[in-house]
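Let me begin by presenting the structure, written as structure tokens, before commenting on it.
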Amino acid sequence: MLAFVLRRALQSIGVLLAVGLIAFSMFRFAGDPVNQLVAPDTPYAERLQIRESLGLDDPVLVQFARYVGNAMRGQFGNSYQFRQPVSSLIAERMPATLELALCATLFALVFGILMGVYSALRRDSALAKLFQVVSLVGVSLPTFLIGILLIFLFSVTLGWLPSFGRGDTVRLGWWTTGFLTASGLRALILPSITLGLFQMTLIMRLVRAEMLEVLRTDYIRFARARGLTTRSIHFGHALKNTLVPVITVAGLQLGSIIAFSIITETVFQWPGMGLLFVQAVQNVDVPIMAAYLLLVALIFVSINLVVDILYTVVDPRLRVAVRRPA
Amino acid sequence: MSLVKTRSVLSRLAASAAVALALAAATPLVTAPAVAAPTFRFAFQGDLKSLDPYTLKETFTIAAHGAVYESLITRDKDLKFIPGLAERWEMPEPTRYRFHLRKNVKFHDGSPFTADDVIFSAERVRAPGSNFQTNVPGDATFVKVDDHTVDMVLKAPNPIAHYQFGSWYIMSKIWAEKHDALKPTPAAATTPSYAALNANGTGPFVITEHQPGVRTVFKRNPNYWGPVESNLDEAIFTTIGNDATRVAALLSGEVDWIEPVPLQDQSRVNGNAGTQVISTPELRTIFLGMDQSSDELRGSNVKGKNPFKDVRVREAFYRAIDEDAIVKRVMRGQATASALLIAPPLFPLAGEFKRPAYDPNRAKALLAEAGYPNGFEVPMDCPNDRYVNDEAICQAITSMLARVGVKVALNAQPKAKYFAKILKPNYDTSFYLLGWTPSSQDSHNILFEIAGCRNDKTSARGTTNLGNYCNPKVDELADKVERETDQEARNLMIKQAYEIIQNDWGYIPLHQQALAWGVSKKVKVAPRPDNQLMLYWVSKEQ
């Protein structure tokens, strides 16, 4: 077991290094940071000086090695545009992204499961068909379009909800939260729906399919034969067994919700890590881009690691299979 | 029976979800809280990247700093010079400016404003890392006469020595010493800087909160030395990068001011009851440049020679472009066609220049005369995220030139890549679109930077003359213009230089794009042609 975890951890480090190197060799194609930093009529000598102070003239491998060396010591450099350490900028933006991801996931789970169960049990009802249509919309419409549609409906036309930002936040230590103020909670609604809609439809379809599958199995038939109430059969037995794959998928999707909140954050000007990344790309802010990509890679790698470990815990067959070669 | 039960459970669940949604919709939903003191909320597409007033020479940043920091001389709503922290100034001799400083002015931290602060700021603004080094003449020495009088001594007469003082903000020496901020925060700072995150000026507003890239809060300075036109108690700045979100925020009343309003949304903003678009021509001129110095044109099918060296080809290009159509169609009327490389408010004799007429037949004849009866191929460099509809302008030009036989291969790319390709040292372009605002708001900058010969490697002349248009007579005039103190004679020299450039068909000026602010009808703003939003001129109905 320990050997398995160790091997997986080593592989993860390899993945991180590869992500870093690929990212670094791509940054050259993002353009010249210096032109984003100074006015167009800045004297040439001054530009040269800036290039030199940023070490932009060194070969990519040298820049990468320097970056990895610093990163090992926990230093991710300073943002070119904000003149602040990247680590503190990302730490400042992380709560916004995580709170949004949490709300989006909750939204996706609650509504996805409710709608999935309903459309499995009432396959032919009008509401179930409506849910199918909604899920089709959620899968096929791009996120930014959904976000803009929601803004124009709920902010501009109806004037109910804010169109951008996080509202008022409360600071708890280094964490800022929007959960404790009315404006913070209201600001969460539209971005969470936008971000969670795709996941919601995914979960809904998954629950529906699994539920239909489970309802056909023998133990449900035996349960009916035992004379259990429909309610306990549906929710106590069928739904419970449906949830195992749902939880796996939702867990894996959490990673993509955090990583791909970029578009939602851009549309809603949500001050999270994704927005920071987009601003960094526009301004060729290499330190932020590098740190963000590594962080996202780290999130995916750790989630996968945890899932792998959990599998071996849950499923003894896997554990045996792993032991054999070791 | 059992089915009925299931249905009831589900319908209860559905009902409670509906109730939750309805509740969410019904809780107090008015966005802007009704407060007695007016709060002005404004959103710009970019960030306020640094609070250090010497880091970034960018219009919005300079304007935002202008609420907090003040300069010796400032500009009024028509860009005329008016006293700022200097009550008055005079020139006792051609190489000496004397500034009489305002008394009883205090910085936000309480320290008094004196001549020492001016001398300190003059040094700091010219120190390495400052992006405003050229705002104060490099050869000037500052001498303290007494606590409230400072002399600026020049090596040679310079009639425009103070032209860029409006964006040279005065900082407190004591404060800078206390916070280790003696050196300007460079654009590429490798260490975090106190002055980049905190501000201490003498201005009518104080920054009370600054989250870079998120929001910045300005509060009225209760100890301000003079009267302020604005009635604001508070102003909150937010970045909104996405065009649609920015417009939505204005339409829904969450912000009172946005910039820019995309051209396609302007009728929507005007159609909305509470908002309007305010547009005035900007000072930036959009123009086309041609490589006139390479022996062979890069990327062209003409080998062994450079067609742009032939004045007839340059005239043909000029005449083949229908600028009126560009203004009407591409810019939807939000631009003013220009005959000069400088905007009319910056040059009194601009009215005497006319754009040579659009004449595709003449263009064709000229190309044939020059030996290109079937035209030729040329690549064009164009940004796609820098100026209003920049890529669309270049596309229109491409099709206009196609009508006279010239095949343009358009290379439109983001500014980060575009500028790296075309600017010094690469100068890798044959034909390009560029926008320029003279930072001194004076023609000398154009004659020197854009139209000056690039041939002397040791001089900064012509640094942004990307196609190296070169006429020694223009250089000669530029040098005279730099020294001439008689305004009328000076303007005539500038006019002469512009005439030479026009007769050489050296550049193809296109237009001044209009600045488009989206403004709530509750607020009163003063749009200045240099596009700066000055908070001290903003008022809001309660």
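Bear in mind that the values in this text are calculations on the coordinates, not laboratory data. Because the structure is predicted, anything quoted here is derived from the model rather than measured. Here Cβ is always computed from backbone atoms with ideal geometry, including for glycine, and neighbour counts include all displayed protein chains.
Across segment A:172-212, which residue is nearest to A:ALA120 (Cα to Cα) among those that are of a type outside the set (Gly, Ala, Ser) and without any contact (Cβ under 8 Å) to a residue 24 or more places away in the chain?
The first filter runs over segment A:172-212 and keeps only residues of a type outside the set (Gly, Ala, Ser), leaving A:172, A:174-177, A:179-181, A:185-186, A:188-191, A:193-195, A:197-208, A:210-212.
Still in the list and also without any contact (Cβ under 8 Å) to a residue 24 or more places away in the chain: A:172, A:180-181, A:185.
Working: A:LEU172: 43, A:LEU180: 37, A:THR181: 38, A:LEU185: 32 Å.
In this case the residue turns out to be A:LEU185.
Going through B:ASN491, B:ASN445 one at a time, which residue ends up being assigned to a helix (DSSP H, G or I) and either of a type in the set (A, V, I, L, M) or surrounded by fewer than 19 Cβ atoms within 10 Å (Cβ to Cβ) (or both)?
Of B:ASN491, B:ASN445, the one residue that is assigned to a helix (DSSP H, G or I) and either of a type in the set (A, V, I, L, M) or surrounded by fewer than 19 Cβ atoms within 10 Å (Cβ to Cβ) (or both) is B:ASN491.
Residues in segment B:405-425 that are more than 21 Å from B:LEU341 (Cα to Cα), in a loop (DSSP other than H, G, I, E, B) and at the interface with another protein chain (Cβ under 10 Å from one of its Cβ atoms): how many?
2
Being in a loop (DSSP other than H, G, I, E, B), surrounded by fewer than 23 Cβ atoms within 10 Å (Cβ to Cβ) and more than 14 Å from chain A (Cβ to nearest Cβ) is the filter here, so list the residues in segment B:236-280 that pass it.
Scanning segment B:236-280 gives a single hit, B:PRO260.
Can you pull out every residue in segment B:448-459 that is within 13 Å of another protein chain (Cβ to nearest Cβ) and surrounded by fewer than 16 Cβ atoms within 10 Å (Cβ to Cβ)?
Hits for segment B:448-459 are B:LYS457, B:THR458, B:SER459.
Quick test for you: out of A:SER119, A:SER155, pick the one residue that is in a helix (DSSP H, G or I), hydroxyl-bearing (Ser, Thr, Tyr) and within 10 Å of another protein chain (Cβ to nearest Cβ).
A:SER155
Taking the condition of being closer than 25 Å to B:PRO379 by Cα and within 14 Å of chain A (Cβ to nearest Cβ), how many residues in segment B:460-478 meet it?
Matching residues across segment B:460-478 total 5.
Looking at B:THR95, B:THR61, B:THR74, which is the one that is free of Cβ contacts under 8 Å to residues at least 60 places away in the same chain and among the polar types (S, T, N, Q)?
Values: B:THR95 fails: free of Cβ contacts under 8 Å to residues at least 60 places away in the same chain; B:THR74 fails: free of Cβ contacts under 8 Å to residues at least 60 places away in the same chain.
Selected residue: B:THR61, the only one of B:THR95, B:THR61, B:THR74 that is free of Cβ contacts under 8 Å to residues at least 60 places away in the same chain and among the polar types (S, T, N, Q).
If I go through segment A:220-235 residue by residue, how many of them are loosely packed, with under 13 Cβ neighbours inside 10 Å and of a type in the set (A, V, I, L, M)?
Matching residues across segment A:220-235 total 1.
Output the qualifying pairs, or none if there are none: Cβ atoms under 9 angstrom, residues six or more apart or on different chains, first residue in segment A:117-140 and touching a residue at least 12 places away in the same chain (Cβ under 8 Å) and surrounded by fewer than 17 Cβ atoms within 10 Å (Cβ to Cβ), second residue of a type in the set (Phe, Trp, Tyr) and part of a helix (DSSP H, G or I).
Pairs that qualify, where the first residue is touching a residue at least 12 places away in the same chain (Cβ under 8 Å) and surrounded by fewer than 17 Cβ atoms within 10 Å (Cβ to Cβ) and the partner is of a type in the set (Phe, Trp, Tyr) and part of a helix (DSSP H, G or I), are A:VAL139/A:PHE198.
Take the residues in segment B:86-124 that are surrounded by 18 or more Cβ atoms within 10 Å (Cβ to Cβ) and of a type in the set (Val, Ile, Thr); name whichever of them is farthest from B:LYS183 (Cα to Cα).
So the residue we want is B:VAL105.
Could you list, in sequence order, all residues of segment B:387-404 that are surrounded by fewer than 21 Cβ atoms within 10 Å (Cβ to Cβ), more than 12 Å from B:ILE326 (Cα to Cα) and in contact (Cβ under 8 Å) with a residue 60 or more places away in the chain?
Once the filter is applied, which keeps residues that are surrounded by fewer than 21 Cβ atoms within 10 Å (Cβ to Cβ), more than 12 Å from B:ILE326 (Cα to Cα) and in contact (Cβ under 8 Å) with a residue 60 or more places away in the chain, segment B:387-404 yields B:TYR387, B:ARG403.
All but one of (1) within 12 Å of chain B (Cβ to nearest Cβ); (2) surrounded by fewer than 19 Cβ atoms within 10 Å (Cβ to Cβ); (3) in a helix (DSSP H, G or I) hold for A:GLY274; state the number of the condition that does not hold.
(2)
With A:THR181, A:THR157, A:THR217 as the choices, which residue is touching a strand residue (DSSP E or B) at 6+ places or on another chain (Cβ under 9 Å), surrounded by fewer than 23 Cβ atoms within 10 Å (Cβ to Cβ) and polar (S, T, N, Q)?
A:THR181
So how many residues does segment B:501-542 have that are part of a strand (DSSP E or B), of a type in the set (A, V, I, L, M, F, W, C), under 30 Å from B:PHE431 (Cβ atoms) and out of contact with any Phe, Trp or Tyr (no Cβ under 6 Å at 6 or more places or on another chain)?
The qualifying residues number 3.
Every residue, every condition in (1) of a type in the set (Val, Ile, Thr); (2) surrounded by fewer than 18 Cβ atoms within 10 Å (Cβ to Cβ); (3) away from chain A (no Cβ under 14 Å); (4) part of a loop (DSSP other than H, G, I, E, B), yes or no:
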residue: B:ASP139; (1), (2), (3), (4): no, yes, yes, yes
residue: B:VAL145; (1), (2), (3), (4): yes, yes, yes, no
residue: B:MET152; (1), (2), (3), (4): no, no, yes, no
residue: B:LYS155; (1), (2), (3), (4): no, yes, yes, yes
residue: B:ALA161; (1), (2), (3), (4): no, no, yes, yes
residue: B:ALA176; (1), (2), (3), (4): no, no, yes, no
residue: B:THR185; (1), (2), (3), (4): yes, no, no, yes
residue: B:VAL206; (1), (2), (3), (4): yes, no, yes, no
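For residues that are within 10 Å of another protein chain (Cβ to nearest Cβ) and either surrounded by fewer than 24 Cβ atoms within 10 Å (Cβ to Cβ) or under 24 Å from B:LEU79 (Cβ atoms) (or both), tally how many sit in segment B:50-60.
Matching residues across segment B:50-60 total 5.
Need at least 3 residues that are more than 27 Å from the chain's Cα centre (by Cα) and over 25 Å from A:LEU37 (Cα atoms) per element, so show me which strands (runs of 3 or more DSSP E) inside segment B:30-136 make the cut, counting only ones lying wholly within it. Steps first, please.
On the way: elements: B:39-44, B:73-75, B:81-83, B:86-93, B:96-101.
It comes to B:86-93, B:96-101.
State yes or no: is A:LEU149 within 11 Å of chain B (Cβ to nearest Cβ), surrounded by fewer than 16 Cβ atoms within 10 Å (Cβ to Cβ), within 19 Å of A:LEU188 (Cβ to Cβ) and aliphatic (A, V, I, L, M)?
yes
Only residues that are surrounded by fewer than 21 Cβ atoms within 10 Å (Cβ to Cβ) and either among the polar types (S, T, N, Q) or at positive phi (or both): list them for segment B:405-439, please.
Once the filter is applied, which keeps residues that are surrounded by fewer than 21 Cβ atoms within 10 Å (Cβ to Cβ) and either among the polar types (S, T, N, Q) or at positive phi (or both), segment B:405-439 yields B:GLY405, B:ASN411, B:GLN413, B:ASN426, B:TYR427, B:SER439.
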